[in-house]
Each structure stands twice: as C-alpha cells, then as structure tokens.
Amino acid sequence: MQTAVQQMLSDYQRGDISAVIAGYNLYAETCSRHGVKPEQAAVLIAAQAQARSGNLAIAAGLFVQAGQASDPANADLLALGFELARKSGDTWQAFVAARAVLDAQPEHAGAREFWRHHLFDFLLIDELAAANRAVEAEIRAGVPGAIEAEQPHNAVMWCYDEELMSRIADRRQPRFTAESRARRRAMPHVYDHKIRIGYVSGDFASGHATMILLRGVLEQHDPERFEVTLYCNTPDAIRANDDGYRATMGHLVSIRDMPDEVAAAAIRADGIDILVDLKGHTRDARPGIFNIGAAPVQVAWLGFPGSAVGIDCDYVIGDPIVTPDASAPHYHEAFCRLPETYQPNDKTHRPLPPPMRRTDAGLPDGRFVFASFNSVRKVSPEVFAAWVCILKAVPESVFWFMCHSDRAATNFADAMAAAGIQRERIIPAKIIGYEPHLARLQAADLCLDTFPCNGHTTTSDCLWAGVPMVAVKGTTFASRVSESLLNAIGLPELVAPDIDGYVELAVSLARNSHGLSGLRQKLAAKRLSAPLFNTERFVRHLEKAYEMMVARAMLGLPAAAIDVPALPDGETVYSRPMQVA
C-alpha cells in the first residue's frame with residue numbers, strides 16, 4: 001500500500017497526472033477489497049490530480065473525503081471541496097460538501113446559504129423539516145447568521161407568518177432607505193397624455209411561466225392611453241428557448257449588460273411613469289435599479305408572492321384575498337388590489353389540446369390519479385404529511401408528481417415508502433413541452449395544491465385543463481394564491497379551511513365520482529366565462545390601477561391603498577371617469 005502511495009507522489013511530481021489518477025483508482029479498489037480506508041495522503045494527491053485535469057466534481061469529493069479523514073475534520077479541506085463542487089456545477093456534490101463543511105464549521109456562511117437554498121431541491125423531507133424548525137427559531141431569536149442565510153424566495157416555501165417574513169431580505173443587494181425613497185419621489189418628472197409603463201423582467205421569452213400568464217396583458221394594453229416598454233434582463237439560456245414571440249413583443253430594451261446605475265438612468269431618460277418589477281427576490285431580478293430610483297412610481301407585481309422586502313416599490317399589486325387588510329402592517333408597499341384576482345391569464349395563446357391517454361402518460365388504467373405539478377421546492381413537510389394521509393385513505397390511488405431530478409424522485413419515493421406508501425404508487429413526471437403538458441395534465445383525476453407556497457401558473461394550468469384542484473386557506477400571499485384563483489373561476493368550494501379539511505376534501509372527492517364529475521363540468525362551463533381567464537377584463541382592471549396610481553402621483557400624494565372598482569358583470573370597458581383614490 002505504501003509503495004502505491006509513493007508511486008502516486010512520484011508520478012504527480014513528474015507531472016504524469018493520468019498515471020496518478022489510474023494509480024489511485026487501482027489503490028482505492030485494493031483498499032476496498034481489504035476493508036481499509038485509503039491513506040489521507042493518497043486521497044489528497046488524487047484530489048489535486050483530478051483538479052488539475054479539470055474534473056472538479058471528482059476532486060471536490062476527494063477533498064471532502066480527505067478532510068473527513070482528519071480527527072477532528074479539516075475544515076479547510078472541506079471548504080475547498082465545497083468550492084470546487086460549486087464551481088463544477090454539480091449541485092448534489094456541492095450540497096453534500098456543504099453539509100460536511102457545516103458539520104465541522106457551523107458558522108461557514110457560504111456553505112450554510114448553499115445548503116439551505118438547495119435543501120428544497122432534493123425532497124429530503126426529514127432534513128428539511130428539522131432545518132425549517134431550526135431556521136424559524138433562529139430568526140425569531142434574531143440570530144444574524146440565520147437571517148442573512150435565509151433568502152426571501154426560500155422563506156415563502158416554509159413560512160406561515162408574514163411578520164416573520166418581513167424580517168428577511170436579500171442581503172446580496174443594498175436596501176433602500178427612507179432618504180433614497182424621498183429623493184426618488186422628489187425628482188422632476190413630466191407626465192404626458194399617455195401613461196408610460198415600464199416592465200422589468202428576466203423572463204421575456206415564450207416558454208417562461210411568467211410570460212404564459214402575461215402575454216395577453218402585453219398585447220391588450222390600450223395603445224391610445226398607454227405606452228409600454230419592456231426592460232429585458234433575460235439570460236441567453238431563456239432567450240434560446242423562445243419560439244419567435246420576442247420579435248413580436250413590442251418595444252423591448254435589453255438591460256442585461258447595463259450596470260444598475262446605467263439602466264436606471266436610461267429608464268429615467270425614457271420618461272417612464274410607472275416601473276413594474278416582475279421579479280422581486282427571484283433569479284435574474286434587478287432590485288438595484290429600483291433602489292437607485294428609476295421612476296416616480298414603482299410597483300411590485302407577479303414575480304414574487306409577498307412583500308419584496310428591501311426593494312423600493314410604492315405599491316404591490318394584489319387582490320382582496322392575497323393581500324387582505326390584516327397583512328398591510330407587514331408590507332412596506334401600499335396595497336393596490338385588483339377586484340377579482342391579481343394574476344393575469346392569457347387565453348388567446350394558451351393551447352388546450354385533446355387529453356392524453358393515461359397509458360401514454362405512463363399512468364395505470366383503473367386507478368384514481370392524484371397529481372401535483374408544482375415545483376418540488378414547494379413540497380413542504382406539511383404537504384408531504386397531508387399527501388401520505390390522503391394516499392392511505394384512498395389505497396386504490398396513485399400519486400403523479402412533477403420531478404425533473406432522478407435523485408429527488410428517489411428521495412421522495414423512499415420517504416413515501418418509509419411512511420407506508422408502496423413505491424409503485426408514486427409516479428414521477430418529467431418536464432415536457434407546454435402543449436403536451438396540458439394534454440397529459442387532463443389525465444389526472446384531481447390535483448393537490450402545495451402549501452404554504454401554492455401553485456401559481458401551475459394552478460391556472462390545472463384549471464385551464466379542466467382538472468379540479470384542492471387547496472387550503474393560507475396565511476401569507478404565497479399561501480393564498482390558489483384560493484384567489486379558485487374564487488376567480490367560481491370554485492371556492494375547493495378551498496379547505498385548514499390542512500385537516502384539505503385531506504378530508506381530497507379523500508371525499510376521490511370517493512365521490514359523481515361529485516367530482518360535477519366539478520369538472522362546472523369548471524368546463526366557467527373556464528371561458530369566469531374572470532380568471534377573461535384577459536381583456538383583467539387588463540382594463542390593471543389599467544385602471546395604473547391610472548389611479550398616476551393620478552395620485554400627479555397631485556403630489558404619497559402612495560396609499562388603492563382598491564380598483566370592478567367592472568359590471570360581463571363588461572370589459574369602464575364607462576365612468578377615472579377617479580383618484
């Protein structure tokens with residue numbers, strides 16, 4: 001054994017990296033046969049050889065192995081393994097390395113933030129439950145490390161308390177201050193006969209979920225009263241999947257390569273009256289533009305379900321369900337409530353293909369199919385426990401869920417098996433094209449929402465496809481979304497008052513084929529008549545909101561709560577004059 005290690009060192013010193021790697025593989029295999037651990041020196045030599053060869057993920061694992069071989073563990077080697085794994089792009093390897101770092105050095109901020117963020121990706125239910133409890137306790141206690149490591153978009157996946165969520169902000173960006181907000185509002189601005197709207201997003205491409213919702217709004221804005229500019233921070237990977245829609249979107253200005261100061265100045269030069277942040281605390285957001293101050297009125301809408309803590313927006317667009325009066329103390333934004341739902345939907349460009357046969361979707365015939373097509377990040381421990389109860393109560397059922405990761409799917413099936421649900425009843429579904437997805441979705445009998453972060457576009461997709469969804473009444477913006485959407489399509493009876501009621505409702509519908517069939521018929525009848533998919537009506541409500549915001553700003557009034565009046569039933573045009581709130 002020692003001779004093998006010495007040979008590896010000699011090969012490494014001579015620069016024969018391939019010989020080092022081959023020698024270590026043979027050496028490690030020999031160690032395994034004899035039931036002994038490789039010497040730390042050999043592991044380190046192999047780790048450096050793999051790193052020099054560009055095999056960063058393999059090198060990372062070896063550095064972690066070498067670090068764990070020390071007693072106590074060598075935190076520096078573990079941290080090196082973590083950084084290499086992160087650079088390699090192997091999220092699982094980096095996640096495992098971050099765990100090891102935290103075991104040796106719990107205060108390591110980078111490892112903690114990475115582990116915490118990606119814990120939601122892998123459906124490690126018990127680990128997630130323990131971590132959520134610990135993070136909540138630490139945030140309540142005001143522990144700085146916990147507050148700084150918990151990203152706002154992670155918090156919506158587990159937090160049921162809006163006051164607690166108001167303490168969490170994305171510390172990677174400077175926050176606005178009362179002084180910076182006052183300076184922005186005091187800057188000279190000239191209004192015109194048209195209201196100039198600017199939308200800021202990193203999602204301007206046909207296939208993105210946000211654009212599936214928003215496309216009809218952008219097309220149906222009244223050009224006689226509104227001038228629309230799209231400020232695009234969309235990355236190349238998302239642009240590459242566009243089907244040509246970007247070329248038809250209208251006035252699109254790329255800010256991808258502009259620093260925040262340059263982009264804010266360009267928006268100011270364009271004379272934008274209302275700048276709308278479609279991202280909040282999500283990927284490819286540009287909060288710095290808003291915090292520098294690019295428009296006299298700045299608005300948060302659609303991209304982030306809650307208060308965008310730390311981002312200077314005057315208003316957040318919601319509705320009476322997602323933003324009730326009781327939530328207002330936990331927002332720095334004033335509420336602008338649309339009358340029927342805050343979520344737009346595009347019925348013109350949304351396909352509705354014929355239903356896919358169950359066998360083509362990989363589903364068994366003759367079984368009741370529960371489904372969830374929400375992101376796995378939204379599968380909280382509470383949701384998991386509720387699904388276990390439902391599946392146990394309906395033993396002839398299967399559970400069909402969206403999961404693009406084989407590792408996460410395996411972890412989920414393992415957890416279900418440990419809870420007493422047979423593996424063959426768990427059927428993962430891969431991500432496919434949007435139209436085929438809507439076709440296969442119709443093969444489900446009943447969709448089950450997630451909480452505290454509900455489905456958003458996913459819920460609308462289920463309802464558009466004619467599949468009822470069971471939801472639960474929530475306590476935060478993110479946990480009230482499905483209630484808003486179900487009310488907007490006229491199916492409030494699918495919103496349970498609590499988690500026990502959610503389980504009872506799902507089980508009762510699975511056992512009542514006549515009642516479920518009636519819900520499907522009701523949904524089909526309302527799909528094209530209820531407000532949820534009435535794009536033109538929604539746009540008129542949104543435009544009224546913009547008019548009311550500008551009217552206040554022109555009078556020098558500060559942002560304040562706005563409740564947009566509903567159009568009369570069946571109407572899509574306001575007949576009464578604009579009113580100042």
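For the stretch 72-95: of the residues being within 12 Å of Phe114 (Cα to Cα) and among the charged types (D, E, K, R), which is farthest from the chain's Cα centre (by Cα)?
The selected residue is Glu83.
Arg133 - would you say it is within 31 Å of the chain's Cα centre (by Cα) and over 27 Å from Asn25 (Cβ atoms)? Break it down stepwise before answering.
Working: within 31 Å of the chain's Cα centre (by Cα): yes; over 27 Å from Asn25 (Cβ atoms): yes.
Here the answer is yes, as Arg133 does meet what is asked.
If you take the residues of the stretch 214-262 that are among the β-branched types (Val, Ile, Thr) and at pLDDT 95 or above, which of them is nearest to Arg540 (Cα to Cα)? Working first, answer last.
In the first step, residues of the stretch 214-262 are kept if they are among the β-branched types (Val, Ile, Thr); the result is 217, 228-229, 234, 238, 248, 253, 255, 262.
Of the ones still in play, those that are also at pLDDT 95 or above are 217, 228-229, 234, 253, 255, 262.
Details: Val217: 9, Val228: 15, Thr229: 18, Thr234: 27, Val253: 25, Ile255: 28, Val262: 33 Å.
Ranking the qualifying residues of the stretch 214-262, first place goes to Val217.
Given (1) part of a loop (DSSP other than H, G, I, E, B); (2) open to solvent by 60 Å² or more (accessible area, probe 1.4 Å), identify the lone condition not met by Glu163.
Glu163 satisfies all of (1) part of a loop (DSSP other than H, G, I, E, B); (2) open to solvent by 60 Å² or more (accessible area, probe 1.4 Å) except (1).
Where residues in the stretch 175-191 are among the aliphatic types (A, V, I, L, M) and in a loop (DSSP other than H, G, I, E, B), which of them is nearest to Asn291 (Cα to Cα)?
From the stretch 175-191, those among the aliphatic types (A, V, I, L, M) are 178, 182, 186-187, 190; that's our starting set.
If we keep only those that are in a loop (DSSP other than H, G, I, E, B) as well, we get 187, 190.
Details: Met187: 14, Val190: 21 Å.
Checking each candidate, the answer is Met187.
Of everything in the stretch 345-380, what is surrounded by fewer than 13 Cβ atoms within 10 Å (Cβ to Cβ) and touching a Gly at 6+ places or on another chain (Cβ under 7 Å)? Give them in sequence order.
The answer is Thr348, and nothing else.
From Val316, Val322, Val253, grab the single residue that is at negative phi, in contact (Cβ under 8 Å) with a residue 40 or more places away in the chain and among the β-branched types (Val, Ile, Thr). Steps first, please.
Details: Val316 fails: in contact (Cβ under 8 Å) with a residue 40 or more places away in the chain; Val253 fails: in contact (Cβ under 8 Å) with a residue 40 or more places away in the chain.
The unique qualifying residue is Val322.
Can you name the residue in the stretch 207-266 that is part of a strand (DSSP E or B) and of a type in the set (A, V, I, L, M) and, of all such residues, is farthest from Thr459 (Cα to Cα)?
Our first condition is that a residue be part of a strand (DSSP E or B); within the stretch 207-266, this holds for 226-232, 252-254.
Applying the additional criterion that residues be of a type in the set (A, V, I, L, M) yields 228, 230, 252-253.
On the way: Val228: 28, Leu230: 26, Leu252: 29, Val253: 31 Å.
Top of the filtered list is Val253.
Looking only at the stretch 399-448, filter to residues that are under 23 Å from Pro355 (Cβ atoms) and without any contact (Cβ under 8 Å) to a residue 12 or more places away in the chain; which one of those is most open to solvent (accessible area, probe 1.4 Å)?
Among them, the one singled out is Ile432.
Which of the helices (runs of 4 or more DSSP H) contained wholly in the stretch 460-577 include at least 1 residues that are at pLDDT below 95? Can you show your working first?
On the way: elements: 477-488, 499-510, 513-526, 535-554.
Filter on the stretch 460-577 gives 513-526.
What is the residue count in the stretch 252-269 for residues that are open to solvent by 60 Å² or more (accessible area, probe 1.4 Å) and under 22 Å from Arg283 (Cβ atoms)?
5
Please work out which residue is most open to solvent (accessible area, probe 1.4 Å), limiting yourself to the stretch 188-212 and to residues that are under 26 Å from the mean Cα position of the chain (by Cα) and aliphatic (A, V, I, L, M).
Kept after step one, since they are under 26 Å from the mean Cα position of the chain (by Cα), are these residues of the stretch 188-212: 197-212.
In the following step, the residues that additionally are aliphatic (A, V, I, L, M) were identified as 197, 200, 205, 209, 211-212.
On the way: Ile197: 0, Val200: 4, Ala205: 1, Ala209: 44, Met211: 3, Ile212: 26 Å².
Here the answer is Ala209.
Go through (1) open to solvent by 30 Å² or more (accessible area, probe 1.4 Å); (2) out of contact with any Pro (no Cβ under 6 Å at 6 or more places or on another chain) for Ala566 and report which single condition fails.
(2)
Determine whether the stretch 181-194 contains at least one residue that is hydroxyl-bearing (Ser, Thr, Tyr) and touching a Phe, Trp or Tyr at 6+ places or on another chain (Cβ under 8 Å).
First, the residues of the stretch 181-194 that are hydroxyl-bearing (Ser, Thr, Tyr): 191.
Those still in the list that are touching a Phe, Trp or Tyr at 6+ places or on another chain (Cβ under 8 Å) too: none.
No, because not a single residue in the stretch 181-194 is hydroxyl-bearing (Ser, Thr, Tyr) and touching a Phe, Trp or Tyr at 6+ places or on another chain (Cβ under 8 Å).
Search the stretch 1-18 for residues being open to solvent by less than 50 Å² (accessible area, probe 1.4 Å) and hydrophobic (A, V, I, L, M, F, W, C), and hand back the single one that is nearest to Asn74 (Cα to Cα).
Ranking the qualifying residues of the stretch 1-18, first place goes to Val5.
Name the residues in the stretch 213-251 that are among the basic types (Lys, Arg), open to solvent by less than 60 Å² (accessible area, probe 1.4 Å) and more than 24 Å from Arg268 (Cα to Cα), would you?
Initially, the stretch 213-251 is screened for residues among the basic types (Lys, Arg), giving 215, 225, 239, 246.
In the following step, the residues that additionally are open to solvent by less than 60 Å² (accessible area, probe 1.4 Å) were identified as 215, 246.
Arg215, the sole residue that qualifies.
Just give me the residues in the stretch 308-353 being of a type in the set (S, T, N, Q) and farther than 22 Å from Ala471 by Cβ, in sequence order.
Going residue by residue through the stretch 308-353, those that are of a type in the set (S, T, N, Q) are 323, 327, 341, 343, 345, 348.
Thr348 - this is the single residue of the stretch 308-353 that is of a type in the set (S, T, N, Q) and farther than 22 Å from Ala471 by Cβ.
Can you give me the number of residues within the stretch 142-160 that are assigned to a loop (DSSP other than H, G, I, E, B) and either at pLDDT below 95 or over 25 Å from Ala326 (Cα atoms) (or both)?
4
Looking only at the stretch 299-323, which residues are more than 22 Å from the chain's Cα centre (by Cα) and open to solvent by less than 30 Å² (accessible area, probe 1.4 Å)?
Start the filter on the stretch 299-323 by keeping residues that are more than 22 Å from the chain's Cα centre (by Cα), which leaves 314, 320.
Answer for the stretch 299-323, where residues must be more than 22 Å from the chain's Cα centre (by Cα) and open to solvent by less than 30 Å² (accessible area, probe 1.4 Å): just Asp314.
Within the stretch 348-447, considering only helices (runs of 4 or more DSSP H) that don't extend past its boundaries, which have at least 3 residues that are farther than 30 Å from Asn132 by Cβ and of a type outside the set (Lys, Arg)?
On the way: elements: 381-393, 406-418, 434-441.
Ranges flagged: 434-441.
The values are calculated or read from the model by the stated rules, or taken from the named source; none is laboratory data. Only a predicted model underlies this, so the values are computations on that prediction, with no experimental measurement involved. In this analysis, Cβ positions are derived from the backbone assuming ideal geometry, glycine residues included, and neighbour counts consider all displayed protein chains. Heavy atoms of the whole protein, side chains included, go into the accessibility calculation; ligands, DNA and RNA do not. Shrake-Rupley method; radii C 1.70, N 1.55, O 1.52, S 1.80 Å.
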